[in-house]
Each structure stands twice: as C-alpha cells, then as structure tokens.
Amino acid sequence: MRSLIEEHAKRLKLSWIRENYHAVEAETHEEFLLCLFEREIQQREERKLNLLLSQSCLPDISGKQLEWHGIHMNGNITKEEILQGRFIERKENLILYGGVGVGKTLMAALAGWNCIQKSQKRVRFYTVAQLVNSLLEVNEKGTLGRLFKQIESLDLLILDELGYVPLHKQGAELLFQVINLCYEKRSVIITNLQFGQWNHVFGDPILTEAFIDRLIHYSHLIVFNRDSFRHKDSLMNR
C-alpha cells in the first residue's frame, strides 16, 4: 500500500506528500487531507521563492540596512512604495543618482529582494558591464532573441553602475534595445553617476537622447546627496 501511495504521489508531483504523509497525525480524514495539502503548498512556495532569488542574481545584502538620511525623492513616491515595489505595478522606473559608495546598489537590491519575498516578482540584477557583455556574446552566437525573451519575462530589471565604463557602439545600441524592450511594459532600476556623463558613455548624442527619453518618461529620480560609506569606514579614516 505504501509503495502505491508513494508512486501515485510521485506521478502527481506531490513531493512533500510522498515523503511525509505517513508522519502526519490528524483526528479526521478531512484534517489529514488539509494538512497534506497545506504542507505541499508551503513547500512549493518555498521552492519557487528560492528559485526566484537564485535567478535574480541579486548581491548579498544580508545584515545590511539602508540609512535614509541624505536621500531625496520627488513627491510622487515614498520610501514604502520603493521598498514594497508598488512602482512595479505601475510599470514605473527608478533612477538612483549619486556618487560612489552612497547606497544606490543597496537600495536597488533591497527593492528587488522585497519584490521577490512579498510578491514573488521576477527580478534580474546586472551591472551594466555584465549585461552589455552578455548582449554582445549572445548576439555573436545568434541567440540574442533568447536573452530578450528572458528580459521580457521579468517584472523588474536592475541595471547597476551606468556611467562607470564607456560603451562601444554596438554594446550601447544593444543596451538601448533592452531599455526599449522594457518601455511601458516592465520596471527598471538604474543606478548611475552624473547625467552629464551619459553622452560619454554612449558615445552618440542621438542614442543618448533616445535612451534618456525612454527611461525618464515613467521614472522617479532618487538623489543620494551624502558621502561615501565605504570611504568613512575605510581603515585610513580610523
């Protein structure tokens, strides 16, 4: 009997029930079934959550807390809306603007992590250099469409460190295609340096203007007006 139950549970892909049904105690048949179903659902939800977190490639932020002093937002968005991901429901973007080491990446990662934990959103984190290199590689292999489909499946795309490294013409054009792919369909968070450097990054004023036009149309600007935490915490300052 036990082998038949396990075989049927396996065929139905009820992994928790297959492995644990014999240890469940209940006073009625209904309570027994309810317990089985609840535990199976719980395990599936946990597996899905772990998979979403793994696929997101978010940086490790365990133990880190975001300090909000010196962060300025426009009046159309609040701290809670950022952390709870409400901007994603509206297909809005966040531009996190400021110097190096001020917490932009931490805010982006926190927003992404919360979106997965609370709403099971599909999130993907890239540095701009990583994404551009991937775009160039798959374009050369003729599999660019596959990567575009992965991006189209997202709810939130996070692009870190825009403006740190100048892009070659083809890389800049492919990055623009990604932003165009997301326009009005999914949210993007970008962390960047000075806006005045964007033309230097893209190397083409027309492409730069088109990129900025797509990005800022439905965006909130979050300005980090404070000193680098890494600089303050460095050994040289102790």
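Taking segment 1-150 as the region of interest, the number of lysine pairs whose Cα atoms are within less than 19 Å, with members eight or more places apart or on different chains, is 16. Structural descriptor for the chain: relative contact order 26 percent, calculated from alpha carbon pairs under 8 angstrom and at least 6 residues apart. Across segment 1-93, Cα-Cα pairs farther apart than 15 Å form 75% of the total. For the chain, carbon and sulfur atoms together expose 51% of the accessible surface, with a 1.4 angstrom probe and every protein chain in place. List the relative contact order of segment 1-106 as a percent without decimals, with contacts defined as Cα pairs under 8 Å and 6+ residues apart. Across segment 1-106, relative contact order equals 15 percent. Of the three principal axes defined by the Cα atoms of the chain, the extents in descending order read 72, 50, 38 Å. If you average the alpha carbon positions of segment 147-216 and of segment 19-41, how far apart do those two centres end up, in angstrom? Centre-to-centre (Cα) distance: 50 Å.
The values are calculated or read from the model by the stated rules, or taken from the named source; none is laboratory data. What you see is a predicted model; the values in this text were computed from it and never measured. Protein only, heavy atoms only, side chains kept; ligands, DNA and RNA dropped before computing areas. Shrake-Rupley method; radii C 1.70, N 1.55, O 1.52, S 1.80 Å.
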